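Working notes for the structure below.
The values are calculated or read from the model by the stated rules, or taken from the named source; none is laboratory data. What you see is a predicted model, and the numbers here were worked out from it, not measured in a lab. Cβ coordinates were reconstructed from backbone atoms using ideal geometry, including for glycine residues, and neighbour counts include every protein chain displayed.
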Amino acid sequence: MLGPVLLAASRSDRIHRIVSRAPVTRPVVDRFIAGNGLPEALEVVDALTADGIEVTLDHLGEDITDAAQARRNRDAYLALLDALGGKGLGGRAEVSVKLSAFGQGLPGGHDLALAGARRVCEAAAAIGTTVTLDMEDHTTVDSTLAILAELRRDFPRTGAVLQAYLSRTEDDARALAVEGSRVRLVKGAYKEPASVAYQSKRDVDLAYARCLRILMAGDGYPMIGSHDPRMIELALRLAERYGRSPDTYEFQMLYGIRDAEQRRLAAAGRRIRAYVPYGADWYGYFMRRLAERPANLAFFLRSFTTR
Ligand code: FAD
């Protein structure tokens, strides 16, 4: 029941100020965010890749309000890719981009975001890696999928995220289950109305299973973005049913969530990638993590009482 309240709070400036200034916040944030800057994020990347876990890095900075911020966010990704290339990590590290951080929500934002993402795709290709476009609230899906189609003409490995809670997603999954297409399937993390999204956990889980079957049966490269043991088990069964070898799909989990399971999958020879967010603009991402799991919220609240 608290989930929708926290999701609403994730877009409130007033609550943002209160949460950011609370002295107990930082240690809890550190569980989910790999530091404020690139050096800390690269340390996390080193530790994960040493354990056989690949990474996708997200420089936090969603929902910006002017074009200068869009340029700064783009430049942060260029610096990130430069650093990953310098460490020879192009084969094991990719980047995830929220198009709202590149100006998608501004007037003329579609073209602005496309230009920024294109520049980042070029830099990624130059070090032998690629970009995945995160998916934000439902009003951005058409624009994001159109940008994906544009980018894939020149950078065919550019990936997209599909959110199983949206009722349109089975159709999108069918359209994207094609040769060369990389799709991360997630349940969905935003507050969406019943007119476009399933509302109950059971319906979302059933939709996830249907979309997963479409992607695993198709010709693309599915990326199973979930911590849910049932979905991981289902993916393994579907891989067997459709004769997929372990290098034709991968699991993805968020940094700081089910770390032991991430290491277990890597040790079992599965491809597993951790989504590693870093940067000072952590508020929206952090609040979505609190909203999706009571245990995460309890961890945050406990830190107030155990100081
Ligand atoms: P849930 O339904 O939250 O949980 C199911 C089960 O998983 C739980 O019962 C429990 O057994 C296990 N579990 C979940 N969390 C934990 C935990 N903290 N500790 C232990 N067990 C746990 N959303 C978007 O809207 N857009 C995106 O672009 C996006 N990108 C993502 C990228 C990645 C790599 C991942 C993993 C998620 C992403 N998400 C994104 C978030 C996603 O939509 C979900 O909100 C989030 O993954 C929670 O859903 P779940 O599938 O893990 O299962």
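Please enumerate the residues belonging to segment 176-196 that are within 30 Å of residue 244 (Cα to Cα) and within 13 Å of the ligand (Cβ to nearest atom). Quick ask: steps written out before the conclusion?
Within segment 176-196, the subset within 30 Å of residue 244 (Cα to Cα) is 176-189.
The answer is 182, 183, 184, 185, 186, 187, 188, 189.
Which of the residues belonging to segment 81-97 are farther than 19 Å from residue 114 by Cα and touching a residue at least 24 places away in the same chain (Cβ under 8 Å)? Write out each step before concluding.
So in segment 81-97, the residues farther than 19 Å from residue 114 by Cα come out as 82-93.
Within segment 81-97, 82, 83, 84, 85, 87, 89, 90, 91, 92, 93 qualify.
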Mind checking which residues of segment 60-73 are in contact (Cβ under 8 Å) with a residue 12 or more places away in the chain and out of contact with any helix residue (DSSP H, G or I) (no Cβ under 9 Å at 6 or more places or on another chain)? 65, 66
Residue 13 vs (1) in contact with a helix residue (DSSP H, G or I) (Cβ under 9 Å, 6 or more places away or on another chain); (2) in the same structural domain as residue 286 (by TED's automatic domain parsing): all pass except (1)
Identify, please: which residue in segment 252-283 is more than 11 Å from the ligand (Cβ to nearest atom), surrounded by fewer than 21 Cβ atoms within 10 Å (Cβ to Cβ) and closer than 30 Å to residue 14 by Cβ and is, among those, nearest to the chain's Cα centre (by Cα)? 281
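Restricting to segment 64-76, give me the number of residues that are among the basic types (Lys, Arg) and buried (at least 19 other Cβ atoms within 10 Å of the Cβ). Full working, then the answer.
Step one: list which residues in segment 64-76 are among the basic types (Lys, Arg), which gives 71-72, 74.
After this cut, where a residue has to be buried (at least 19 other Cβ atoms within 10 Å of the Cβ) as well, the list is 74.
Total meeting the criteria: 1.
Which one is nearest to residue 222 (Cα to Cα), of the residues in segment 108-158 that are touching a Cys at 6+ places or on another chain (Cβ under 8 Å) and not hydrophobic (A, V, I, L, M, F, W, C)? Explain how you work it out, then say what you get.
First, the residues of segment 108-158 that are touching a Cys at 6+ places or on another chain (Cβ under 8 Å): 130-131, 151, 154-155, 158.
Now narrow it down to the ones that are not hydrophobic (A, V, I, L, M, F, W, C): 130, 154, 158.
On the way: 130: 15, 154: 21, 158: 13 Å.
Restricting to residues being touching a Cys at 6+ places or on another chain (Cβ under 8 Å) and not hydrophobic (A, V, I, L, M, F, W, C), the top hit is 158.
Table: residues versus (1) within 12 Å of the ligand (Cβ to nearest atom); (2) aliphatic (A, V, I, L, M); (3) assigned by TED's automatic domain parsing to the domain that holds residue 246.
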| site | (1), (2), (3) |
| --- | --- |
| 163 | yes, no, yes |
| 167 | no, no, yes |
| 173 | no, yes, yes |
| 215 | no, yes, yes |
| 228 | yes, no, yes |
Which of the residues spanning segment 77-130 are of a type in the set (Gly, Ala, Ser) and surrounded by fewer than 19 Cβ atoms within 10 Å (Cβ to Cβ)? 79, 83, 85, 86, 88, 90, 91, 108, 115, 125, 126, 128
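Within the group 55, 28, which residue is assigned to a helix (DSSP H, G or I) and either within 15 Å of the ligand (Cβ to nearest atom) or buried (at least 20 other Cβ atoms within 10 Å of the Cβ) (or both)? Even if it seems obvious, please write down each step before you answer.
Values: 55 fails: assigned to a helix (DSSP H, G or I).
Answer to the check: 28.
Residues are listed down the side, and each one gets a yes or a no for (1) farther than 20 Å from residue 283 by Cα; (2) in contact (Cβ under 8 Å) with a residue 24 or more places away in the chain:
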| position | (1), (2) |
| --- | --- |
| 31 | no, yes |
| 41 | no, yes |
| 58 | no, yes |
| 75 | yes, no |
| 78 | yes, yes |
| 99 | no, yes |
| 108 | yes, no |
| 117 | yes, yes |
Those residues that are surrounded by fewer than 19 Cβ atoms within 10 Å (Cβ to Cβ) and in a loop (DSSP other than H, G, I, E, B), I need them from segment 221-251; list them, please. 227, 228, 242, 243, 244, 245
Could you check, for segment 198-206, whether at least one of its residues is more than 15 Å from the ligand (Cβ to nearest atom), over 19 Å from the mean Cα position of the chain (by Cα) and assigned to a helix (DSSP H, G or I)? no
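Across segment 108-145, which residue is nearest to the ligand (Cβ to nearest atom) among those that are in a loop (DSSP other than H, G, I, E, B) and charged (D, E, K, R)?
134
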